[in-house]
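Structure, as structure tokens:
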Amino acid sequence: MATVREKGYSHWDGRLSERRFPWWPITRTGIQLAFRKKRFKFIFAGAFIPSFVCLAGLYISERLEDFKTFLRGSDRLLNINPKYFATFFTNEALLFLIVLVLAIGAGGLIADDLKHSSLQLYFSRPLRKTDYLLGKMSVIAFFVLILTAVPGLILIVFKLIFAGSFKFLLQYPWLPLSVLGYAALLTVFLAFYVMLLSALSKNSRYVVILIFGAYIFSNVLYGILQSIFRTPYMALFSIPANLQQAGAFLFGQTPPHNVPAIWSFAVLAAFCVLSAVVLGRKIRSVEVIK
Amino acid sequence: MTAVIAASNLSKWYGNVLGLNDVSLEIEAGITGLLGPNGAGKSTFMKLITGQMKPAIGTVTVRGIKTWNNPGVFREIGFCPEQDVFYDELTGWQFLTGLLRFYGYAKSEIRDRADRALDIVDLSKDKDRLIRGYSRGMRQRIKFAQAIAHDPGILILDEPLSGLDPLGKRKLIRLVKEFKSQGRTVLVSSHVLPEIEALTSRIVLIHQGKILAQGDIPFIRELIEAHPHQISVRSSEPRTLAARFVGDPSIQKMTFGPDGRTLIVETHKRDDFFGRLTGVVLEAGIEVEEITSPDDNLQAVFEYLVGK
């Protein structure tokens, strides 16, 4: 016989704020977890060294007379123009440091969720797959932007302060947009790059190796193919080379490799599309029957 | 009573492996046990209810709303997965508050809810410890806490008692029963029969992706006509009693228990037998000590249905 049950609980009567950014809790947790790693804090701090070097260059460029003996004729390197910024942003040391920060801080973003089977906890909540991916991407965006866009814009401000005039900005009014554009490009590409590799393994240590391995291997492959085929188009196989090509274009500079920059944009875009497809397939609840 | 959870022609394949095969059922308020051996399709069914997987065929609805690709419905559902799903480097408190943020509560509300849930599962004292240091029982309880923290009307518990010590099991069973008494719906899966029996008599038997039976245990038992009911009668004179029933056409078989005082009768017409038993006992003046139905339990029903 059916029993009559009295509803003995009542739902919360407070107002639920509609989350405009349902992915934010994921981002917040991702950033918090990254900063819990001691070595990450150390590496993250170290990743600002190129920015400080660049800042020192800006300062010295305005005080060339004071540093004459120190510079010994290399003051032509301190000609502050978009090329100076392009060199800062596309130099291999900065790119490597950013990849290092992401490998240590964000390598486990998806791998740890796979390892801990946490996806089922996320997806049994008011959260879509796109929210999940956006949340994870935002962690990477946070680190990349803080290492590129933020110092880039601050450097422009310091240039104006050191020069004591707005002449530089009036001369290159598009430079802040170049900084933001390049930072956005790096963010999107590296977000897909790191997330793709993070989704390929449950072990975040393997993911760290994968992130470095793929980055370095692409450059090695470029070197090998270049020596065999002797064509600059082989640079399209190299991750850093493609980023440098795109960066040079965005800063209005001649690309370092004799290949139209549009090809590098196409390669980076194709990689992002491919990553999105793979991520779409990998990010799903744990299969029960193997 | 209206169905809280309804599945209609639900099927799910994993490549060539059939996880769930044309399942149609309705689950009402109260506790329902989802019972089946490992690999039967229990977790698949739960993942389909909680919208984590897309059905290959069919639909699942919760309170009439489809769950697939409809995250809003999960405000009403609390899910406690079978596996450990923790970031070990978080404390219990951080784990709970982090998950509560997805529901859009204000900060103070998140704190209150986390406190309340931790209090319910007796983890308030350990809330600031890293989950890494939690015992198996504590991990199960924090998993349960995350499922109830947002005050859902429907609880889906996948093997919630596995790995718990007897005391932990008793605590969790009490909590689940409290939820039921509040008029909520609880779907709990297990492959351990006594665990389900301790929680509810209303079960869904699942095997090889198919629903074998659904309903109260005695009701399902009634439906199994291939297997006669066993009735055990312990008395001072079991042989006299047996002699009275020898010619009864409703009785299939009679045996005596090892203690020499128990008559075990197998019959398809249990009610008829009980009707005659009363008369016989009174006529012959036999003193009956105990009447039981040894196969009127979940273990027997399960074994009959899965053919073990």
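The values are calculated or read from the model by the stated rules, or taken from the named source; none is laboratory data. The model shown is predicted, which means the values in this text are computed figures rather than measured ones. Here the Cβ positions follow ideal geometry from the backbone for every residue, glycine too, while neighbour counts run over all protein chains shown.
A few points about this structure:
- Among the residues of the stretch B:61-77, the ones that are under 22 Å from the mean Cα position of the chain (by Cα), closer than 17 Å to residue B:29 by Cβ and not polar (S, T, N, Q) come to 4 in all.
- Any hit, the stretch B:3-17, residues being β-branched (Val, Ile, Thr) and either crowded, with 19+ Cβ neighbours inside 10 Å or away from every other protein chain (no Cβ under 11 Å) (or both): yes
- Only residues that are closer than 23 Å to residue A:252 by Cα, in a helix (DSSP H, G or I) and either over 28 Å from the mean Cα position of the chain (by Cα) or not aromatic (Phe, Trp, Tyr) (or both) were counted in the stretch A:156-166, giving 5.
- Among the residues of the stretch B:106-137, those that are in a loop (DSSP other than H, G, I, E, B) and touching a strand residue (DSSP E or B) at 6+ places or on another chain (Cβ under 8 Å) comprise B:127, B:128, B:129.
- Residue within the stretch B:255-278 that is of a type in the set (S, T, N, Q), in contact (Cβ under 8 Å) with a residue 24 or more places away in the chain, in a strand (DSSP E or B) and surrounded by fewer than 17 Cβ atoms within 10 Å (Cβ to Cβ) present: no
- Scanning the stretch B:123-138 for residues that are surrounded by 14 or more Cβ atoms within 10 Å (Cβ to Cβ) and of a type outside the set (A, V, I, L, M, F, W, C) yields B:124, B:126, B:127, B:129, B:134, B:137.
- Among the candidates A:179, A:220, A:273, A:278, residue that is closer than 30 Å to residue B:82 by Cα, assigned to a helix (DSSP H, G or I) and more than 14 Å from chain B (Cβ to nearest Cβ): A:278
- Filtering B:176, B:188 for residues that are part of a strand (DSSP E or B), within 16 Å of the chain's Cα centre (by Cα) and farther than 14 Å from residue B:76 by Cα leaves a single hit, B:188.
- Residue in the stretch A:205-217 that is under 26 Å from residue A:179 (Cβ atoms) and part of a helix (DSSP H, G or I) present: yes
- Set A:273, A:278, A:188, A:259: member being more than 19 Å from residue A:144 (Cβ to Cβ), at pLDDT 95 or above and among the β-branched types (Val, Ile, Thr): A:273
- Residues of the stretch B:216-238 satisfying the condition of being farther than 20 Å from residue B:253 by Cβ and not aromatic (Phe, Trp, Tyr): B:216, B:217, B:218, B:220, B:223, B:236
- When each of A:127, A:169, A:133 is tested for being under 19 Å from the mean Cα position of the chain (by Cα) and hydrophobic (A, V, I, L, M, F, W, C), the lone residue that passes is A:133.
- The set of residues in the stretch B:79-105 that are more than 8 Å from every other protein chain (Cβ to nearest Cβ), part of a strand (DSSP E or B) and within 29 Å of the chain's Cα centre (by Cα) contains only B:80.
- The stretch A:113-142, residues that are under 25 Å from residue A:40 (Cα atoms), without any contact (Cβ under 8 Å) to a residue 12 or more places away in the chain and not small (Gly, Ala, Ser): A:113, A:116
- Among residues of the stretch B:55-75, those that are in a loop (DSSP other than H, G, I, E, B), within 12 Å of chain A (Cβ to nearest Cβ) and at pLDDT 85 or above, counted: 2
- Flag: residue B:51 matches the condition of being part of a loop (DSSP other than H, G, I, E, B), facing another protein chain (nearest Cβ under 10 Å) and more than 16 Å from the chain's Cα centre (by Cα).
- Here residue B:109 passes the criteria (1) more than 8 Å from chain A (Cβ to nearest Cβ); (2) at pLDDT 90 or above except the one numbered (1).
- Unique match (being in a helix (DSSP H, G or I) and within 11 Å of another protein chain (Cβ to nearest Cβ)) among B:140, B:146: B:146
- Residue in the stretch A:92-99 that is more than 20 Å from residue A:201 (Cβ to Cβ), outside any helix (DSSP H, G or I) and more than 10 Å from every other protein chain (Cβ to nearest Cβ) present: no
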